[in-house]
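This report refers to the structure that appears directly beneath it.
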């Protein structure tokens, strides 16, 4: 007979969201079990961009983790983001430096996720189980009974933090959140060497090309002369127009008037991979009796930029805070855990709503081109766009009518 592991908190998934939750719980001296079907290091198809939010959140959990990330060699410092409109007007948005160093980075998920796994392995309160998949989840009176398909692994948890990504069975079967094409993005990622014209300060590039709207093309510079290159388009559009994203990516690199020269000598490294991005363009219920959804399992990716790692870390940290309160109260009811939803909607909601509006805006190229032109001479707008990639208290500004007045009329 198999022994059932007992724990207050079980985290399903050891990616950025799950790792942030576990690392924050460790700071609270709350033991947890983290289970992931993969054995690390493992690759994860992604844009590989680590915005300023990432370092800020890790510093909030434990400054030593932030210091070790900054010292990590296999990453590229990024000092900002460059938006390129369909008329090829470009706008550079700088990240706010951290301790006179870069706030953002580009780092392959193979490296970054393994960095977080190594951080978890430093912590005595975290039991990490790799190569184990949680396939069954049964709600019982005293918690969830979690097990793999064979029943060899069994864990009883008072609280489950769900962090197993865009295709989470728990999200679909228990939380009832299904994939909706209008709130989902299809993406392709490729690694290239020898791409010309990369920004000297490691800016990530988001190109809103007319042929790809309402999607975009990206170039993220990596160490060793590589770049993460890809396209992302709403799944609703891909289905409706029966688009071949791989062909669209190739056509863009070969025929776009500006990009074809930059990729003339570029060499594809490995294969082109596809993935899905569950967008935060719709407010959802992220918790219920004895569970909380975080990261991609909670559909929290930024609809405009596709940035997901920062929001994953945010949600993981907030879930850990709520877990601490639930354990102290010995109350794991849906009513108790709704506070997690409230803090996510308060902290990330305004930003996600704004990004959803911007996502719709790019479908009208003339209007987005105007916004870019406005941004070139508008400090308020540049600061607003920077907030999407950095942990600033954006929501306070969004509640003030004076902010919008300055946004439209102040060109300083």
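The values are calculated or read from the model by the stated rules, or taken from the named source; none is laboratory data. Bear in mind that the values here come from a model prediction, so they are computed numbers and not experimental data. Here Cβ is always computed from backbone atoms with ideal geometry, including for glycine, and neighbour counts include all displayed protein chains.
Scanning for something part of a strand (DSSP E or B) and within 19 Å of the chain's Cα centre (by Cα), does the range 94-105 turn up at least one residue?
Pass one, the range 94-105, residues part of a strand (DSSP E or B): 94, 98, 101, 104-105.
Narrowing the set further to residues that are within 19 Å of the chain's Cα centre (by Cα) leaves 104-105.
Yes: the range 94-105 contains one or more residues that are part of a strand (DSSP E or B) and within 19 Å of the chain's Cα centre (by Cα).
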Across (1) in contact with a helix residue (DSSP H, G or I) (Cβ under 7 Å, 6 or more places away or on another chain); (2) not in a loop (DSSP other than H, G, I, E, B), residue 285 clears everything bar (2)
task: Taking residue 192 as the residue in question, decide whether it is in contact with a strand residue (DSSP E or B) (Cβ under 8 Å, 6 or more places away or on another chain) and crowded, with 23+ Cβ neighbours inside 10 Å.
output: no
Checking 8, 64 in turn, the sole residue that is in a strand (DSSP E or B) and either modelled with pLDDT of 95 or more or surrounded by 24 or more Cβ atoms within 10 Å (Cβ to Cβ) (or both) turns out to be 8
Taking the range 177-216 and keeping only residues that are part of a loop (DSSP other than H, G, I, E, B), touching a residue at least 60 places away in the same chain (Cβ under 8 Å) and within 18 Å of residue 276 (Cα to Cα), one is left with 177, 179, 180, 213, 214
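Just to be sure, is residue 157 more than 29 Å from residue 235 (Cα to Cα), part of a strand (DSSP E or B), at pLDDT 95 or above and in contact with a strand residue (DSSP E or B) (Cβ under 7 Å, 6 or more places away or on another chain)? Before you say what the answer is, go through the steps one by one.
Working: more than 29 Å from residue 235 (Cα to Cα): yes; part of a strand (DSSP E or B): yes; at pLDDT 95 or above: yes; in contact with a strand residue (DSSP E or B) (Cβ under 7 Å, 6 or more places away or on another chain): yes.
When the stated conditions are applied, residue 157 passes them.
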Pairs returned, first residue in the range 303-321 that is at positive phi, second residue that is assigned to a loop (DSSP other than H, G, I, E, B) and at pLDDT below 95, beta-carbon separation under 7 angstrom, 6 or more apart or interchain, are 306/47
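Would you check if residue 260 is touching a helix residue (DSSP H, G or I) at 6+ places or on another chain (Cβ under 7 Å), farther than 20 Å from residue 120 by Cα and without any contact (Cβ under 8 Å) to a residue 12 or more places away in the chain?
Details: touching a helix residue (DSSP H, G or I) at 6+ places or on another chain (Cβ under 7 Å): yes; farther than 20 Å from residue 120 by Cα: yes; without any contact (Cβ under 8 Å) to a residue 12 or more places away in the chain: yes.
Yes, satisfied.
Within the range 130-140, identify whether any single residue is outside any loop (DSSP other than H, G, I, E, B), touching a residue at least 60 places away in the same chain (Cβ under 8 Å), buried (at least 20 other Cβ atoms within 10 Å of the Cβ) and at negative phi, and answer yes or no. Steps first, please.
The initial filter retains those residues of the range 130-140 that are outside any loop (DSSP other than H, G, I, E, B), namely 130, 136-140.
Checking the rest, the ones that are also touching a residue at least 60 places away in the same chain (Cβ under 8 Å) come to 130, 139.
Keeping just the survivors that are buried (at least 20 other Cβ atoms within 10 Å of the Cβ) gives none.
No, the range 130-140 has no match at all.
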For helices (runs of 4 or more DSSP H) lying entirely in the range 321-379, having 1 or more residues that are surrounded by fewer than 18 Cβ atoms within 10 Å (Cβ to Cβ) and modelled with pLDDT of 85 or more picks out 334-347, 349-361
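For residue 298, are the conditions met, namely being at pLDDT below 95 and either in contact with a strand residue (DSSP E or B) (Cβ under 8 Å, 6 or more places away or on another chain) or crowded, with 19+ Cβ neighbours inside 10 Å (or both)? Talk me through it step by step, then tell me what you get.
Details: at pLDDT below 95: no; either in contact with a strand residue (DSSP E or B) (Cβ under 8 Å, 6 or more places away or on another chain) or crowded, with 19+ Cβ neighbours inside 10 Å (or both): yes.
No, not satisfied.
Take residue 33 and decide whether it is surrounded by fewer than 24 Cβ atoms within 10 Å (Cβ to Cβ), part of a loop (DSSP other than H, G, I, E, B) and more than 17 Å from the chain's Cα centre (by Cα).
Working: surrounded by fewer than 24 Cβ atoms within 10 Å (Cβ to Cβ): yes; part of a loop (DSSP other than H, G, I, E, B): no; more than 17 Å from the chain's Cα centre (by Cα): yes.
Spelling it out, it is not the case that residue 33 is surrounded by fewer than 24 Cβ atoms within 10 Å (Cβ to Cβ), part of a loop (DSSP other than H, G, I, E, B) and more than 17 Å from the chain's Cα centre (by Cα).
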